[in-house]
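Colleague: Here's a structure for you.
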Amino acid sequence: MIDIHSHILPGVDDGAQTVADAIAMAREAVKEGIATIIATPHYKNGKYDNEKQSIMAAVTRFNETIKQHKIPLTVLPGQEIRIHGDLQESFEKGEVLPIAGDSQYLLIEFPFDHVPRYADRLLFDLQLKGLVPVIAHPERNAEIIENPDRLYELVKKGVLTQLTAASVSGHFGKNIKKFSLQLIEANLAHFIASDAHNTTSRPFRLREAYDVIDHEFGINAVYFFQENAELLLNGQAVYREEPERIKRKKFLGLF
């Protein structure tokens, strides 16, 4: 399996704090069946900066470490980019790192309580540059939960989304799980990733999430998400189905 969102790099953000923590996460990833993992430290989220060059160097060091420990895992560079008004300028300065280092895909995080008003224009402008925004964990954004049409409009305009495995498997609560499954059903989700921070409170849970998806939607849905991760890794166009609005009558009362 491929995991496109993790905080496995040691000592750079709120993920693995030490090299020992990161090695434990690497071993756990292999147990999950993950062969390739994208390290996506927080970028410009108000606490962590983690610009491109520092991440590239950290990934090189960590790959050498896991090789010494004979852990069969490949770590690739990326960022979890907090959306901000100067994002295009940051990209042009070479501070922004696409998923896997050299793809056209950018993993972009919204604040948890809202979607900035400038998001539509900024995401559109990024697409004009040939980039593909991938919104991280929209199922946990308060404005999208309240108004899922907000996400529908973005996906309709070419934006992709990534759900967190723990959301799908119910570890963020039954309502987040229900909403995650509704997003999948409405073709408003394109990737499943761990967003793993450690081996205890925020582990990988990818296999668990895929089991839920298999049970709810069948094995073809599992293949859809797994193949999309592979296509992204290769810098290819991913599979998309025509998005649908989440029916309001189904949605009301969930939260």
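Colleague: Report whether or not GLU241 is open to solvent by 20 Å² or more (accessible area, probe 1.4 Å), of a type in the set (D, E, K, R), in contact (Cβ under 8 Å) with a residue 24 or more places away in the chain and not in a helix (DSSP H, G or I). If you could, list the steps in order and put the result at the bottom.
Modeller: Working: open to solvent by 20 Å² or more (accessible area, probe 1.4 Å): yes; of a type in the set (D, E, K, R): yes; in contact (Cβ under 8 Å) with a residue 24 or more places away in the chain: yes; not in a helix (DSSP H, G or I): yes.
Yes; evaluated as a whole, the condition is true for this residue.
Colleague: Something else about it: Given the structure, is LYS93 open to solvent by 30 Å² or more (accessible area, probe 1.4 Å), more than 21 Å from the chain's Cα centre (by Cα) and farther than 22 Å from GLU28 by Cα?
Modeller: Considered against the rule, which asks whether it is open to solvent by 30 Å² or more (accessible area, probe 1.4 Å), more than 21 Å from the chain's Cα centre (by Cα) and farther than 22 Å from GLU28 by Cα, LYS93 comes out as yes.
Colleague: Further, regarding this structure: Please find, within the stretch 161-181, the residue that is farthest from ASP211 (Cα to Cα) out of those that are in contact with a helix residue (DSSP H, G or I) (Cβ under 6 Å, 6 or more places away or on another chain) and in a strand (DSSP E or B).
Modeller: Across the stretch 161-181, the extreme among qualifying residues is THR161.
Colleague: Can you list residue pairs whose Cβ atoms sit under 7 Å apart, with the first residue in the stretch 169-198 being touching a residue at least 24 places away in the same chain (Cβ under 8 Å) and the second being charged (D, E, K, R) and open to solvent by less than 10 Å² (accessible area, probe 1.4 Å)? Count only pairs 6 or more apart in sequence or on different chains.
Modeller: ILE176/GLU139; PHE179/GLU139; SER180/GLU139; LEU183/GLU139; ALA193/ASP3; SER194/ASP3
Colleague: Would you say LYS67 is free of Cβ contacts under 8 Å to residues at least 12 places away in the same chain and surrounded by fewer than 21 Cβ atoms within 10 Å (Cβ to Cβ)?
Modeller: yes
Colleague: If GLU51 satisfies every condition in (1) farther than 17 Å from LEU154 by Cβ; (2) modelled with pLDDT of 95 or more; (3) of a type in the set (D, E, K, R); (4) open to solvent by 70 Å² or more (accessible area, probe 1.4 Å) but one, which is the exception?
Modeller: Of everything listed in (1) farther than 17 Å from LEU154 by Cβ; (2) modelled with pLDDT of 95 or more; (3) of a type in the set (D, E, K, R); (4) open to solvent by 70 Å² or more (accessible area, probe 1.4 Å), GLU51 misses just condition (2).
Colleague: Also, quick follow-up: In this structure, is LYS44 buried (at least 21 other Cβ atoms within 10 Å of the Cβ), on the phi > 0 side of the Ramachandran plot and more than 15 Å from the chain's Cα centre (by Cα)?
Modeller: The answer is yes for LYS44.
Colleague: Of ILE184, ILE135, ILE192, which residue is closer than 21 Å to PRO243 by Cβ and in a helix (DSSP H, G or I)?
Modeller: Of the residues listed, the single one that is closer than 21 Å to PRO243 by Cβ and in a helix (DSSP H, G or I) is ILE184.
Colleague: Let me ask something else. If I filter the stretch 142-168 down to residues being of a type in the set (Gly, Ala, Ser) and farther than 12 Å from ASP120 by Cβ, which single residue comes out as most open to solvent (accessible area, probe 1.4 Å)?
Modeller: Step by step, filter the stretch 142-168, then rank; the result is ALA142.
Colleague: Does GLY130 qualify as being closer than 22 Å to GLU242 by Cα, in contact with a helix residue (DSSP H, G or I) (Cβ under 8 Å, 6 or more places away or on another chain) and in a loop (DSSP other than H, G, I, E, B)?
Modeller: no
Colleague: Determine if the stretch 153-160 includes at least one residue that is closer than 15 Å to PHE224 by Cβ, in contact with a His (Cβ under 9 Å, 6 or more places away or on another chain) and either modelled with pLDDT under 95 or not in a helix (DSSP H, G or I) (or both).
Modeller: Checking the stretch 153-160: at least one residue is closer than 15 Å to PHE224 by Cβ, in contact with a His (Cβ under 9 Å, 6 or more places away or on another chain) and either modelled with pLDDT under 95 or not in a helix (DSSP H, G or I) (or both).
The values are calculated or read from the model by the stated rules, or taken from the named source; none is laboratory data. Given the structure is predicted, the values throughout are model-derived calculations rather than measurements. Note: ideal-geometry Cβ built from the backbone for every residue, glycine included; neighbour counts use all protein chains shown. Remember, those area values only see protein heavy atoms, side chains included, never the ligands or the DNA or RNA. Shrake-Rupley method; radii C 1.70, N 1.55, O 1.52, S 1.80 Å.
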